[in-house]
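Student: Right, I'll just put the structure down here and ask away after.
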Amino acid sequence: MTNQYVTRFHSSEAKESPRRLPAWLDCHRKPVSMILRLYATLIFCWDVLIILVQFFLTLLQSLFHQIRAPKAKCLTGEVAAVVGSGRGVGYDLALQLAALGVKVACIDVNATDNELLVKKIQSSGGVASAFECDVTSKVEVGRTVAAIEGSLGPISMLFHSCNVPSARSLVTEAPPIETTLNVGVVSHFLLLEAILPKMKKMAHGHIVFLTSVAGVSGLKHQMPLAVSQFAVQGLYESTLEELRIEKRQHTIHTTLVHIYPFIITDHCLNDIRLRISSAFGRIRSDEAAQRIIAGVRRNELEISIPKYLLFVSHLLRLLPRRASLLLRELIDTGQDGKRLHAEKILCVGLCNIDIIQVCDAYPAEDSDQRCQSSRWQRGGNASNNCTVLANLGARCELLASFSDAKMFHFALDDLRERKIAHDHCVYHRGAQVPLSTVWLSLATGSRTIVHSNPDLPELTFEDFQRINLQDYAWIHFEGRRNTSAIVQMIRSIVEWNERPENQSCKVKISVELEKPRHSNLDLLVDGVDVVFVGKDFARFLGHDSAREAIARLKQLHPGSYIIICPWGERDTVAIDRQDRWFTQPTYPPEVIRDSLGAGDTFVAGCILKLAEKEPPGSLSVVLEFASRVAGQKLAICGFDGIKRD
């Protein structure tokens, strides 16, 4: 028994003892481990070396491309969806892409502006289609993408620019938070969800993300906008990483564009505040679009407009927080909100096209003769007021009814060229263009006008309510057939001026009574600051002189306001708020070349002088300035050449 127990004990002990490797194998364990570690280290060093080589090659390539730009790819035949094409950078992107042979799908919630853009592209020989779409709706996005594919083909390029803020929007009231985030962030996801999978199937595409300075450093009182712009940058990085992991970065390209809206501008050049004016230039929206397309054609990953500000933004992130804030204070470039309000003038009225024939003498009835010259010119009292104000350096905007006819593109192009804002104008589909046929007599300097306006509707009070009154310092009304609507507009301004919070920024109101109709007298509303009385209207009321007409109007509508009545080539008579009378002689040139629009020029000169931050103490200074400007107009054909002495 004892031996059996001992045997079992030793047997159990033997099972629990660890097994030993043969001596010949155990002695080589350390060298094998060292070789494996050495191999892993060499592999790591090789990978690092490869990365360093690739890094320096990429750096050298980038430096080389700074000297010599890479070859631009051809865009002919591509199908580009431009979201937010109705105006701004998106508008110019669509025009320039079409000029390069791209089939452009113009997507915008504003159908009228979009259709006008498409007509302009098609008239130039380009291929484009308009699509009205709310990009915050998944259903509408899907429907629009399907419509584009059926009309133009699969989408191979996507430009999203509908959330890039304008310079003016950065100093005005921000839209609701939900709207900002839906348009700026959610719409990107919906569009990518509908378009990116099809690009992957084609193994071809280019997605362009447009963001603003708000996505680089944020903006005062624009937190939702800044958040949405930061989100666009994050979406770009995520899309780029997804394509890299799937090995698609060489077939589907992405580009992030940083746009600085206080420099890229079309109508707001006078609003820019430049702390270091010599270091910062001004860039038009069409130039910005040209730079964006140039970068896209070179497959650049990141573009900044202006180019050097991308480096500045990256530098700010490397510096300590306090140092970056000091640098931002030094640059301090942006939109001057106070100046924006102080100088903005809105003219409300007509915009038409003048067909002008310059003749030796007024043509006799039933005759056939050749004119000396002829031209087209954008016309209408309010429209002409804006032209003169823009020539004199004022910031102005036109509010009028527009036709969507192809012929009216002439007027739209002229407004853009002269930097006259017209963002709130109302387009009417199928309406005919208002025309004025004008005969200018070289013998007498007179002009004879025949007007045609068959069916273009006048502005309504609802149209006027779309504007933000805090954006304007002066609003001028041309007396037209929509008298009741104009009265409502004026009273809404008066009510706005009477609010306690608006006492320091009241909007001045002026009206022009020119056309011979009794309804113009209804425009003498309490709260109007200046009334311009035309010679034809005064005679229509039975008055033979300016003084007689003014005295009668003051009798009909007493109050503290200014009345100015220019009486053709004779003189101008006016009465100020204190009922003091003024008479101003005219300054006609030796040869009168063109009297068309001389009255509109005089009115614009008065408004400009009265709207200054420090208006003249006497009304005589205003009348003197306006009369001299009108004299300039009489000496030239058209309005080009009118300037402030």
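The values are calculated or read from the model by the stated rules, or taken from the named source; none is laboratory data. Just so it is clear, the model here is predicted, and its values are computed rather than measured. Neighbour counts are summed over all protein chains in view; Cβ atoms, including those assigned to glycine, are modelled from backbone coordinates with ideal geometry. Note: accessible area is taken over every heavy atom of the protein model, side chains too, but ligands, DNA and RNA are not part of it. Shrake-Rupley method; radii C 1.70, N 1.55, O 1.52, S 1.80 Å.
Student: For region 201-221, give me each residue that is at pLDDT below 85 and open to solvent by 10 Å² or more (accessible area, probe 1.4 Å).
Tutor: As a first pass, look at region 201-221 and keep what is at pLDDT below 85: 211-221.
Matches in region 201-221: Val213, Val216, Ser217, Gly218, Leu219, Lys220, His221.
Student: Examine region 540-555 for a residue that is in the same structural domain as Gln488 (by the TED database), open to solvent by less than 60 Å² (accessible area, probe 1.4 Å), touching a Ser or Thr at 6+ places or on another chain (Cβ under 6 Å) and more than 16 Å from Val487 (Cβ to Cβ), and state whether such a residue exists. Walk me through it before giving the result.
Tutor: Within region 540-555, the subset in the same structural domain as Gln488 (by the TED database) is 540-555.
After this cut, where a residue has to be open to solvent by less than 60 Å² (accessible area, probe 1.4 Å) as well, the list is 541-543, 545-546, 549-551, 553-554.
Of the ones still in play, those that are also touching a Ser or Thr at 6+ places or on another chain (Cβ under 6 Å) are none.
Looking through region 540-555, none of the residues is in the same structural domain as Gln488 (by the TED database), open to solvent by less than 60 Å² (accessible area, probe 1.4 Å), touching a Ser or Thr at 6+ places or on another chain (Cβ under 6 Å) and more than 16 Å from Val487 (Cβ to Cβ).
Student: Among the residues of region 428-451, is any in the same structural domain as Ala611 (by the TED database), modelled with pLDDT of 95 or more and β-branched (Val, Ile, Thr)?
Tutor: Among the residues of region 428-451, not one is in the same structural domain as Ala611 (by the TED database), modelled with pLDDT of 95 or more and β-branched (Val, Ile, Thr), which makes the answer no.
Student: Going through region 114-123 one residue at a time, which ones are closer than 12 Å to Lys406 by Cα and not basic (Lys, Arg)? Spell out how you get there, then give the answer.
Tutor: Start the filter on region 114-123 by keeping residues that are closer than 12 Å to Lys406 by Cα, which leaves 115-123.
Matches in region 114-123: Glu115, Leu116, Leu117, Val118, Ile121, Gln122, Ser123.
Student: Within region 134-157, can one find any residue that is modelled with pLDDT under 90 and either within 23 Å of Met202 (Cα to Cα) or assigned to a helix (DSSP H, G or I) (or both)?
Tutor: no
Student: Something else: Where in region 4-120 are there helices (runs of 4 or more DSSP H), lying fully within it, with 2 or more residues that are at pLDDT 85 or above? Give the derivation first.
Tutor: Values: elements: 23-26, 29-67, 88-99.
By residue number, 29-67, 88-99.
Student: Sticking with this structure for a sec: Could you list, in sequence order, all residues of region 134-144 that are in contact (Cβ under 8 Å) with a residue 40 or more places away in the chain, open to solvent by 10 Å² or more (accessible area, probe 1.4 Å) and either in contact with a Ser or Thr (Cβ under 8 Å, 6 or more places away or on another chain) or among the aliphatic types (A, V, I, L, M) (or both)?
Tutor: Selection gives Val135, Thr136.
Student: Something else about it: Is there a residue being in contact with an Asp or Glu (Cβ under 8 Å, 6 or more places away or on another chain), touching a residue at least 12 places away in the same chain (Cβ under 8 Å), over 18 Å from Lys419 (Cβ atoms) and surrounded by fewer than 14 Cβ atoms within 10 Å (Cβ to Cβ) anywhere in region 368-385?
Tutor: Scanning region 368-385, I find at least one residue that is in contact with an Asp or Glu (Cβ under 8 Å, 6 or more places away or on another chain), touching a residue at least 12 places away in the same chain (Cβ under 8 Å), over 18 Å from Lys419 (Cβ atoms) and surrounded by fewer than 14 Cβ atoms within 10 Å (Cβ to Cβ), so the answer is yes.
Student: While we're looking at this one, here's another question. Between a first residue in region 411-432 that is in contact (Cβ under 8 Å) with a residue 40 or more places away in the chain and a second residue that is hydrophobic (A, V, I, L, M, F, W, C) and surrounded by fewer than 17 Cβ atoms within 10 Å (Cβ to Cβ), which pairs have beta carbons less than 7 Å apart while being 6 or more apart in sequence or on different chains?
Tutor: Correct list of pairs: Lys419/Leu269.
Student: Can you tell me how many residues within region 365-422 are of a type in the set (Ser, Thr, Tyr), touching a Cys at 6+ places or on another chain (Cβ under 9 Å) and closer than 15 Å to Val433 by Cβ?
Tutor: 2
Student: Inspect region 386-404 for any residue being open to solvent by 30 Å² or more (accessible area, probe 1.4 Å) and more than 18 Å from Leu116 (Cα to Cα) and give the result as yes or no. Give the derivation first.
Tutor: Filtering region 386-404 down to residues open to solvent by 30 Å² or more (accessible area, probe 1.4 Å) leaves 391, 393.
Filter again for more than 18 Å from Leu116 (Cα to Cα), leaving 391, 393.
Within region 386-404, one or more residues are open to solvent by 30 Å² or more (accessible area, probe 1.4 Å) and more than 18 Å from Leu116 (Cα to Cα).
Student: Also, I was wondering about something else. For His250, which of the numbered conditions (1) assigned to a loop (DSSP other than H, G, I, E, B); (2) open to solvent by 70 Å² or more (accessible area, probe 1.4 Å); (3) modelled with pLDDT under 55 fails to hold?
Tutor: Exception for His250: condition (3).
Student: When you go through Arg499, Arg491, Arg481 one by one, which is the residue that is open to solvent by 60 Å² or more (accessible area, probe 1.4 Å), assigned by the TED database to the domain that holds Asp576, of a type outside the set (A, V, I, L, M) and modelled with pLDDT of 95 or more? Working first, answer last.
Tutor: Values: Arg499 fails: modelled with pLDDT of 95 or more; Arg481 fails: modelled with pLDDT of 95 or more.
Unique residue meeting the criteria: Arg491.
Student: Quick test of your reading of the structure: Ile420 fulfils all but one of (1) out of contact with any His (no Cβ under 9 Å at 6 or more places or on another chain); (2) open to solvent by less than 50 Å² (accessible area, probe 1.4 Å). Name the failing condition by number.
Tutor: Every condition holds for Ile420 apart from (1).
Student: Checking the structure you have, find out if any residue of region 554-577 is among the aromatic types (Phe, Trp, Tyr), touching a residue at least 24 places away in the same chain (Cβ under 8 Å), part of a loop (DSSP other than H, G, I, E, B) and within 17 Å of Trp474 (Cβ to Cβ). Working first, answer last.
Tutor: Filtering region 554-577 down to residues among the aromatic types (Phe, Trp, Tyr) leaves 561, 567.
Those left that are additionally touching a residue at least 24 places away in the same chain (Cβ under 8 Å): 561, 567.
From the residues that got through so far, the ones that are part of a loop (DSSP other than H, G, I, E, B) too are 561.
Remaining after also requiring within 17 Å of Trp474 (Cβ to Cβ): 561.
Yes, the conditions are met somewhere in region 554-577.
Student: So, in region 556-588, of the ones that are open to solvent by 40 Å² or more (accessible area, probe 1.4 Å) and of a type in the set (A, V, I, L, M, F, W, C), which residue ends up nearest to Leu523 (Cα to Cα)?
Tutor: Ranking the qualifying residues of region 556-588, first place goes to Leu556.
Student: Moving on to the next point. Taking the conditions exactly as written (surrounded by fewer than 17 Cβ atoms within 10 Å (Cβ to Cβ), under 18 Å from Ser285 (Cβ atoms) and without any contact (Cβ under 8 Å) to a residue 40 or more places away in the chain), does Asn114 satisfy them or not? Step through it out loud before you land on a result.
Tutor: Values: surrounded by fewer than 17 Cβ atoms within 10 Å (Cβ to Cβ): no; under 18 Å from Ser285 (Cβ atoms): yes; without any contact (Cβ under 8 Å) to a residue 40 or more places away in the chain: yes.
The answer is no for Asn114.
Student: Here's another thing I want to ask about it. Can you say whether Glu624 is farther than 28 Å from Gly527 by Cα, assigned by the TED database to the domain that holds Ala473, acidic (Asp, Glu) and open to solvent by 40 Å² or more (accessible area, probe 1.4 Å), as far as the supplied structure shows?
Tutor: Working: farther than 28 Å from Gly527 by Cα: no; assigned by the TED database to the domain that holds Ala473: yes; acidic (Asp, Glu): yes; open to solvent by 40 Å² or more (accessible area, probe 1.4 Å): yes.
Considered against the rule, which asks whether it is farther than 28 Å from Gly527 by Cα, assigned by the TED database to the domain that holds Ala473, acidic (Asp, Glu) and open to solvent by 40 Å² or more (accessible area, probe 1.4 Å), Glu624 comes out as no.
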